[in-house]
Amino acid sequence: MSDNLSALESEGVVLGTLIVSPETIPKTLLHLKTEDFIGGEGVNFTIFSTIEQLAIGGRAVDVSSILKAIQLAGGDPAPVAEFLPSALDSVTQLEALETHIELIREASKKRQTIQILEEALEKAQSWETPTEELWQGVNERAFNILRDTRSQTQHFWAGGGEEHGLYAERMRILKAKETADPIYTGWEELDSLLPTGFTRGDISVCAGRPGMGKSSLVQNATGRFLDRDYGGVKFATEQSKEVETDRQDSILTQIPLYDVSRTNTWQPQDSRLEVIKEANRYMDEKWNYDVVYGRQLDMAQVWEWMSVITRQRDKDFVIIDLFDRLTDVNVSANKPQTVSKKLGEAAALAEHFYVHLILVVQIGRTVERRANKRPTLSDLKDSGNYEEAARLVMLMYRDAYYNPESLDNTMELCIAKQNQGEAGPGVILPFSFDPGTLIYEPQAARGV
């Protein structure tokens, strides 16, 4: 009884912490599930479930939002409104959050264990249940509890006999690779240069100088991926939600970005408003897409958010824009070593979630000191081993970037590295680029 009481108190502390400090939500969702909460005759269960849905939907997590969401879902917000003040008052220090999470998880495991044993005891009373079947059921369910526990802390743990062992896990991976659809953009000019497409479990790098147009190119490709029913996640480390949304609206509607960013000045009857609304309805209905915004994201949080998001929907590709703006990558001391370490974590993420990971990165200023300012693989070396970690490296160059008077906005996409296909300085795909709508259209490849 005392353990249950401690767990109930911990549930209140955790729920209060999530509201007071929303930045703790991803990590908490990684370690706890809705069914781990039992307090308040379902009140705690309801609150946690609502917080999870609000966070995944990119909405604010506060008391008023929680109560409104419960009411819209047909629930009774009164018991929740009565409980939340005490939960908020119970929050003391963020350092204690992990302790309370562990108490809740331990209580949940014990409840599951008790249920398993009670059901087994009931079955044991019947002579019709074979002993082998009885123990098999107990062992399998007990194993699942332990496996869930370890999977929260060890991403690559496998074991436990033929069905759960390393051999079986490896066979599942190989089978998935055999049956997987290659990920292609639908741009025939680009896809023809990439024999294996954007392979799940691998990393690609799209690099260029700041303002070159790399984020817009990737955003164009993202829309094409999503239109082809691939599921994707984007981690936006630089642009705000408003800027990111305006850019996507401009690409989808081909309304100039300058105009989209000033919708607050449009007249209510402006026909362009309906065009933008229709584009957003299309995204909601058609796309399997999630965007995580944050200028303070690090690789650990990317892992946490991926664990949360993929519990809802499977994904095929992930974009980190910009990878070098993650707080644990954007450091001054030992930059190459730090980047190399984080690239290892990125590679592990791609394999673990079985997605293609696109890293959008910036090229340093050294390229601007040369007469020929087209970037090369060596321009990435000063920032870490991008070339070694990625199976595909794409470098971007636009003459108008360096010559503002130029009328040629052609974007050159150089396939600088590719494990299974043509690559090198001469493997270039030109894109026509509209700086107003951010639209990219490929032309005939040259140099291949």
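Every read-out reported here was derived from the displayed coordinates using simple, explicitly stated rules and does not represent laboratory data. Just so it is clear, the structure is predicted and the values come from calculations on it, not from any experiment. Glycine also receives a Cβ, built like all others from the backbone with ideal geometry; neighbour counts cover every protein chain displayed.
Rounded to the nearest 20, the size of the Cβ-charge dipole of the range 2-145 about its Cα centre is 400 debye, with Lys and Arg at +1 and Asp and Glu at -1.
The distance separating the Cα centre of the range 349-402 from that of the range 62-116 comes to 44 Å.
Applied to the range 262-267, the Karplus parametrisation 6.51 cos²θ - 1.76 cosθ + 1.60 on θ = phi - 60° returns per-residue 3J(HN,Hα) values of 10, 4, 5, 9, 6, 6 Hz, with x for Gly and Pro. Along the range 412-421 the Karplus relation, 6.51 cos²θ - 1.76 cosθ + 1.60 evaluated at θ = phi - 60°, assigns HN-Hα couplings of 9, 9, 9, 7, 6, 8, 7, 5, 10, x Hz to successive residues, with x for each Gly and Pro.
Taken along the Cα-to-beta-carbon direction at a fixed 7 Å, the label points for Asn372 and Arg228 span 3.2 nm.
Computed extension length for Leu72-Ala333: 89.0 nm, one decimal, from 0.36 nm per residue of separation with the Cα-Cα distance subtracted. Fully extending the segment from Val20 to Glu285 would add 92.1 nm, taking 0.36 nm per residue of separation and subtracting the current Cα-Cα distance. Sites listed here are chymotrypsin sites (Phe, Trp or Tyr not before Pro) in the range 265-321 whose DSSP assignment is loop and whose Cβ has at most 15 other Cβ atoms within 10 Å: Trp266. Sorting the segments 352-363, 405-416, 68-79 by their mean number of nearby beta carbons within 10 angstrom, highest to lowest, gives 352-363, 405-416, 68-79. Full extension of the chain segment joining Ala120 with Thr92 gains 5.9 nm, where the gain is 0.36 nm per residue of separation less the Cα-Cα distance. Charge dipole of the range 239-356 (Cα centre as origin; +1 on each Lys and Arg Cβ, -1 on each Asp and Glu Cβ, all else neutral): 220 debye, rounded to the nearest 20.
Value of Rg to Rh for the chain, rounded to two decimals, is 1.02; Kirkwood radius and Rg both from alpha-carbon coordinates. Take every Cα pair under 8 Å whose residues are at least 6 apart in sequence, average their separation, divide by the length of the chain, and the relative contact order is 16 percent. Our note on the geometry: Cα centres of the range 217-242 and the range 284-343, 13 Å apart. Return the single residue from Gln312, Gln301, Gln269 with maximal mean-square fluctuation; model: Gaussian network over the chain, springs between Cα atoms under 10 Å. Sorting by GNM fluctuation, first place goes to Gln269. Less than 5 angstrom separates the built amide H of Leu377 from none of the residues sequence-distant by 5 or more or on a different chain.
Note on the chain: GNM, Cα springs under 10 Å; of Leu134, Leu194, Leu217, the largest mean-square fluctuation is that of Leu134. With the helix formula -39500 (n - 2.57) applied to DSSP H stretches of n ≥ 4, the chain reaches a computed 222 nm mean residue ellipticity of -15000 deg cm²/dmol.
Relative to the longest principal axis of the Cα atoms of the chain, helix 43-56 runs at roughly 10 degrees.
Taking amide H as placed 1.01 Å from N in the peptide plane, the amide H of Gly201 sits under 5 Å from that of Val355, His356, Leu357, each at least 5 places away or on another chain. Charge dipole of the chain (Cα centre as origin; +1 on each Lys and Arg Cβ, -1 on each Asp and Glu Cβ, all else neutral): 1500 debye, rounded to the nearest 20. Near the amide H of Lys417, within less than 5 Å, lie the amide hydrogens of Val393, Gly424, all on another chain or at least 5 residues away, with H placed in the peptide plane.
Computed from backbone phi with θ = phi - 60° and the Karplus coefficients 6.51, -1.76 and 1.60, the 3J(HN,Hα) list for the range 205-210 is 10, 10, 10, x, 5, x Hz; x is used for glycine and proline.
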